[in-house]
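Below is one structure, written out as structure tokens; the observations come after it.
The values are calculated or read from the model by the stated rules, or taken from the named source; none is laboratory data. Model, not experiment: these values are computed from the prediction. Because the Cβ atoms are built from the backbone with ideal geometry, glycine has one as well, and the counts that use them run over all protein chains shown. Just so you know, the surface numbers come from the protein's heavy atoms only, side chains and all, with ligands and any DNA or RNA stripped out. Shrake-Rupley method; radii C 1.70, N 1.55, O 1.52, S 1.80 Å.
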Amino acid sequence: MSGDQVITVDGPAASGKGTIASGLGRLYGLPVLDSGLLYRAVGVLLQRAGGGLADAAAAAAVARGLRAVALDDEAFRTRGAGEAASQVAVHPEVRQVLLALQRDFAAQPGGAVLDGRDMGTVICPDAGAKLYVTASPEVRAERRWRQLTGQGESVGLDEVLADIRRRDARDSGRAAAPMAPAPDAVLLDTSEMTIDQAADAARRIVEAARAGQTP
Ligand code: CDP
């Protein structure tokens, strides 16, 4: 698989990577994979079936059935779904099942934009452009708090900040495909940026990466 036309956008929760990934998708006419949604769906569907998030085999079974599941369910966007996602994401069995699905998406003719934690390191290490999007925990908590309360969830900013710190530690500390910038990823800190500024900076990073590619 040649990843020349693939753009990977990795980073921690509420860093702005989802907005950046969808903006790049629109700009270049590429399909966008929100890989976090896959883990969110596994966590939520496992809990709905009465399974425990620590049960790796049960979580992998749910992941195997995911191709047939509609991912546009609001239940996958909640605070609880983010937490459940990060708990099932530690299981290598789950990651292995989702690997093929994500690589198939990346291999579409014309390329794709991949949003997640391990897109540039594990899913598509030969991507033509890699971004690692960050922002301070306080800024990320504020963004996520606005999003969740806008969705009607009742939660305090301090709780959201605690969630974010816990999830960062779990995602970067796990043994299987930990969250980390690929060695060839360009870091983009969006703490002080508006959405438009971040989108513009991301576009410039992609263009520089593509210009630097050997034909
Ligand atoms: O939107 P947010 O950044 O909060 O989370 P997400 O991208 O929807 O991902 C939810 C959780 O899924 C993360 O905290 C990770 O534990 C896990 N995840 C992962 O392990 N690998 C990915 N490629 C994407 C998400």
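Confirm whether ALA54 is within 13 Å of the ligand (Cβ to nearest atom) and over 18 Å from the mean Cα position of the chain (by Cα). No: the conditions fail for ALA54.
In the set (1) open to solvent by less than 50 Å² (accessible area, probe 1.4 Å); (2) modelled with pLDDT under 95; (3) farther than 18 Å from SER35 by Cβ, LEU161 fails one condition alone, (2).
Within the range 128-150, which residues are more than 12 Å from the ligand (Cβ to nearest atom) and either within 17 Å of SER22 (Cα to Cα) or touching a Lys or Arg at 6+ places or on another chain (Cβ under 9 Å) (or both)? Once the filter is applied, which keeps residues that are more than 12 Å from the ligand (Cβ to nearest atom) and either within 17 Å of SER22 (Cα to Cα) or touching a Lys or Arg at 6+ places or on another chain (Cβ under 9 Å) (or both), the range 128-150 yields GLY128, ALA129, LYS130, LEU131, TYR132, PRO137.
Any residue in the range 112-135 that's of a type in the set (S, T, N, Q): show its pairings with residues that are within 11 Å of the ligand (Cβ to nearest atom) at Cβ separation under 6 Å, as long as the two are six or more apart or on different chains. From residues that are of a type in the set (S, T, N, Q), the pairs are THR134/GLY11; THR134/SER15. Here ARG77 passes the criteria (1) modelled with pLDDT of 95 or more; (2) under 26 Å from THR194 (Cα atoms) except the one numbered (1). Of all residues in the range 21-33, those satisfying the criterion of being aliphatic (A, V, I, L, M) and either touching a Gly at 6+ places or on another chain (Cβ under 7 Å) or away from the ligand (no atom under 12 Å from the Cβ) (or both) are LEU24, LEU27, LEU30, VAL32. One residue stands out among those in the range 123-148 that are of a type outside the set (Phe, Trp, Tyr) and open to solvent by 50 Å² or more (accessible area, probe 1.4 Å): the one that is farthest from THR78 (Cα to Cα), which is ASP126.
If you go through the range 3-12 one residue at a time, do you hit one that is open to solvent by less than 30 Å² (accessible area, probe 1.4 Å), away from the ligand (no atom under 12 Å from the Cβ) and small (Gly, Ala, Ser)? Taking every residue of the range 3-12 in turn, at least one turns out to be open to solvent by less than 30 Å² (accessible area, probe 1.4 Å), away from the ligand (no atom under 12 Å from the Cβ) and small (Gly, Ala, Ser).
Filtering the range 147-173 to residues that are among the charged types (D, E, K, R) and within 19 Å of the chain's Cα centre (by Cα) leaves ASP163, ARG165, ARG166, ARG167, ASP168, ARG170, ASP171. When every residue of the range 67-74 is checked against the conditions, none turns out to be surrounded by 12 or more Cβ atoms within 10 Å (Cβ to Cβ) and in contact with an Asp or Glu (Cβ under 8 Å, 6 or more places away or on another chain).
Of a type in the set (A, V, I, L, M) and touching a Leu at 6+ places or on another chain (Cβ under 8 Å): which single residue out of ALA100, ALA106 fits that description? Being of a type in the set (A, V, I, L, M) and touching a Leu at 6+ places or on another chain (Cβ under 8 Å) holds for just one of ALA100, ALA106, which is ALA106. Just one residue in the set VAL97, VAL44, VAL62, VAL88 is over 13 Å from the mean Cα position of the chain (by Cα), within 9 Å of the ligand (Cβ to nearest atom) and modelled with pLDDT of 95 or more; that residue is VAL88. Being under 18 Å from GLY11 (Cβ atoms), open to solvent by less than 30 Å² (accessible area, probe 1.4 Å), more than 13 Å from the ligand (Cβ to nearest atom) and aliphatic (A, V, I, L, M): is that true of ILE195 here? Against the criterion (under 18 Å from GLY11 (Cβ atoms), open to solvent by less than 30 Å² (accessible area, probe 1.4 Å), more than 13 Å from the ligand (Cβ to nearest atom) and aliphatic (A, V, I, L, M)), ILE195 does not qualify. Restricted to the range 113-211, the set of helices (runs of 4 or more DSSP H) holding at least 1 residues that are touching a strand residue (DSSP E or B) at 6+ places or on another chain (Cβ under 9 Å) comprises 137-150, 195-211.
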